1. Take segment C:6-53 and flag every residue that is basic (Lys, Arg) and open to solvent by less than 70 Å² (accessible area, probe 1.4 Å).
2. If you go through segment B:20-43 one residue at a time, do you hit one that is assigned to a loop (DSSP other than H, G, I, E, B), under 26 Å from C:Val55 (Cβ atoms), within 11 Å of chain A (Cβ to nearest Cβ) and of a type outside the set (Gly, Ala, Ser)?
3. Select from segment E:67-96 the residues that are out of contact with any Leu (no Cβ under 9 Å at 6 or more places or on another chain) and within 7 Å of chain C (Cβ to nearest Cβ) and write down the one among them that is least open to solvent (accessible area, probe 1.4 Å).
4. Could you please find all residues in segment B:50-96 being more than 15 Å from A:Asp16 (Cα to Cα) and touching a residue at least 60 places away in the same chain (Cβ under 8 Å)?
5. Do we find a residue being part of a strand (DSSP E or B) and of a type in the set (D, E, K, R) anywhere in segment B:44-57?
6. If you go through segment D:1-19 one residue at a time, how many are assigned to a strand (DSSP E or B) and either under 21 Å from D:Lys95 (Cβ atoms) or of a type in the set (A, V, I, L, M) (or both)?
7. Of the residues B:Ala90, B:Ala49, B:Ala74, which single one is closer than 23 Å to A:Val7 by Cβ and modelled with pLDDT of 95 or more?
8. Can you find even one residue in segment C:39-46 that is at pLDDT 95 or above, over 10 Å from the mean Cα position of the chain (by Cα) and over 28 Å from A:Ser59 (Cα atoms)?
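The values are calculated or read from the model by the stated rules, or taken from the named source; none is laboratory data. This is a predicted model, so every value here is computed, not measured. In this analysis, Cβ positions are derived from the backbone assuming ideal geometry, glycine residues included, and neighbour counts consider all displayed protein chains. Only protein heavy atoms, including side chains, enter the accessible area calculation; ligands, DNA and RNA are left aside. Shrake-Rupley method; radii C 1.70, N 1.55, O 1.52, S 1.80 Å.
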Amino acid sequence: MNIGRVVGTVVSTQKDDKLVGTKLQIVKQLGLDCAETGSFVVAIDAVGAGQGEVVLYASGSSARQTPITKDRPADAVIMAIVDSIEVDGATTYEKN
Amino acid sequence: MNIGRVVGTVVSTQKDDKLVGTKLQIVKQLGLDCAETGSFVVAIDAVGAGQGEVVLYASGSSARQTPITKDRPADAVIMAIVDSIEVDGATTYEKN
Amino acid sequence: MNIGRVVGTVVSTQKDDKLVGTKLQIVKQLGLDCAETGSFVVAIDAVGAGQGEVVLYASGSSARQTPITKDRPADAVIMAIVDSIEVDGATTYEKN
Amino acid sequence: MNIGRVVGTVVSTQKDDKLVGTKLQIVKQLGLDCAETGSFVVAIDAVGAGQGEVVLYASGSSARQTPITKDRPADAVIMAIVDSIEVDGATTYEKN
Amino acid sequence: MNIGRVVGTVVSTQKDDKLVGTKLQIVKQLGLDCAETGSFVVAIDAVGAGQGEVVLYASGSSARQTPITKDRPADAVIMAIVDSIEVDGATTYEKN
């Protein structure tokens with residue numbers, strides 16, 4: 001999985017039927033210092049993440065293993081909201 | 001998923017039988033500012049996207065989860081036409 | 001899918017049983033201008049592509065969706081021979 | 001698979017139900033000289049790796065082939081703790 | 001598939017049960033000139049490749065399509081030992 005921050009949304013009315021009702025979030029990838037790496041993905045949100053939240057997202061077929069993404073043409077899913085990140089014994093991120 | 005723009009097509013008569021009847025679109029990848037990144041993919045169109053349209057495409061096995069791509073040897077699918085993109089509260093793209 | 005050109009072959013006698021009888025083609029990746037990108041893959045040929053031909057190849061599990069590659073340990077397949085490529089209304093490649 | 005070192009953990013309470021009870025480890029990728037490459041992944045730990053340990057991790061659908069990750073939305077798994085690495089006849093890493 | 005050379009092994013006693021009995025080979029990726037690209041993977045050996053041999057390896061779910069890797073948490077497999085490589089009509093590699 002990768003760490004990312006939800007920064008926005010994509011709206012689409014004309015899409016594959018299986019995507020109706022899903023929320024398409026834009027997630028910028030973060031490094032361990034929570035700085036942006038310059039990459040982003042559009043991911044289906046399976047956990048109700050809000051704008052600005054730090055999340056984990058999974059890619060590929062693993063993105064279809066949630067009830068919300070099962071059998072859907074989606075290659076990225078937000079599957080966790082991050083509470084805290086600890087690296088080498090130090091807390092590098094903590095949700096307010 | 002990634003954001004892209006449909007810029008052209010690939011025509012092939014000699015191809016795997018399961019690809020007969022599919023439309024092979026060339027999609028240039030876009031950044032969040034809708035500028036081209038320099039990458040492109042050839043994707044099967046599952047939503048009837050037109051030349052120049054901004055779309056979402058999925059890659060890998062997820063590309064086979066639409067009725068049009070199921071069980072076909074295709075690793076990229078256009079599964080949504082983008083209406084609008086919102087980043088950090090600002091609309092960065094809106095379809096005319 | 002990516003666009004490529006068949007430039008050669010790999011011969012192997014000691015290989016997984018499921019690969020017996022397959023043709024292993026070396027495919028150099030091409031850009032939209034049909035210039036080489038510097039990357040290549042070894043792909044199983046599902047369409048009888050000849051040396052020098054411009055082809056489409058699919059990667060990952062999608063590479064196993066042809067009769068020739070089904071259930072085989074192959075992560076790339078040539079699934080179409082390209083007749084023509086059109087970008088922004090101009091034909092950038094046409095097979096002789 | 002890739003070689004990595006466990007450097008920390010991600011804690012998440014709000015996550016997909018199938019992830020409850022899994023341990024989310026941060027794994028920095030290592031080169032053959034055991035130097036960090038600059039990349040990292042968040043992986044589910046299937047073997048009880050400790051902080052600082054050198055491990056192997058698998059990505060993609062292969063990450064779901066352990067009892068701990070089966071059917072879960074996880075695209076990376078720690079599936080082995082490394083005892084030793086031998087390159088060109090020399091031992092480049094040995095666990096204490 | 002990619003071309004690589006077997007340069008070493010990884011030994012692990014504490015690993016997922018399904019990996020018991022598999023041989024974990026370190027494979028350096030090669031270009032068409034058989035020069036190292038700087039990348040490597042740890043792959044399960046399905047064909048009995050020896051130290052120094054030039055091989056083909058497959059990645060992702062395709063790596064699980066051999067009898068030795070089926071259902072195992074492995075994302076790379078050596079599935080062929082290369083006898084010869086021919087590029088643009090010239091033999092660029094031939095096994096002794």
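1. Filtering segment C:6-53 down to residues basic (Lys, Arg) leaves C:15, C:18, C:23, C:28.
Across segment C:6-53, the qualifying residues are C:Lys15, C:Lys28.
2. Taking segment B:20-43 and keeping what is assigned to a loop (DSSP other than H, G, I, E, B), we get B:20-23, B:31-35.
Next, from what is left, pick out any that are under 26 Å from C:Val55 (Cβ atoms): B:20-23.
So of that shortlist, the ones also within 11 Å of chain A (Cβ to nearest Cβ) come out as none.
Among the residues of segment B:20-43, not one is assigned to a loop (DSSP other than H, G, I, E, B), under 26 Å from C:Val55 (Cβ atoms), within 11 Å of chain A (Cβ to nearest Cβ) and of a type outside the set (Gly, Ala, Ser), which makes the answer no.
3. Residue satisfying both the conditions and the ranking: E:Val77.
4. B:Ile85, B:Thr92
5. For segment B:44-57, residues part of a strand (DSSP E or B) and of a type in the set (D, E, K, R): present.
6. Narrowing segment D:1-19 to residues assigned to a strand (DSSP E or B): D:2-11, D:15.
If we keep only those that are either under 21 Å from D:Lys95 (Cβ atoms) or of a type in the set (A, V, I, L, M) (or both) too, we end up with D:2-11.
Count: 10.
7. B:Ala90
8. Start the filter on segment C:39-46 by keeping residues that are at pLDDT 95 or above, which leaves C:39-46.
Applying the additional criterion that residues be over 10 Å from the mean Cα position of the chain (by Cα) yields C:39.
Subsequent filtering for residues that are over 28 Å from A:Ser59 (Cα atoms) retains none.
Among the residues of segment C:39-46, not one is at pLDDT 95 or above, over 10 Å from the mean Cα position of the chain (by Cα) and over 28 Å from A:Ser59 (Cα atoms), which makes the answer no.
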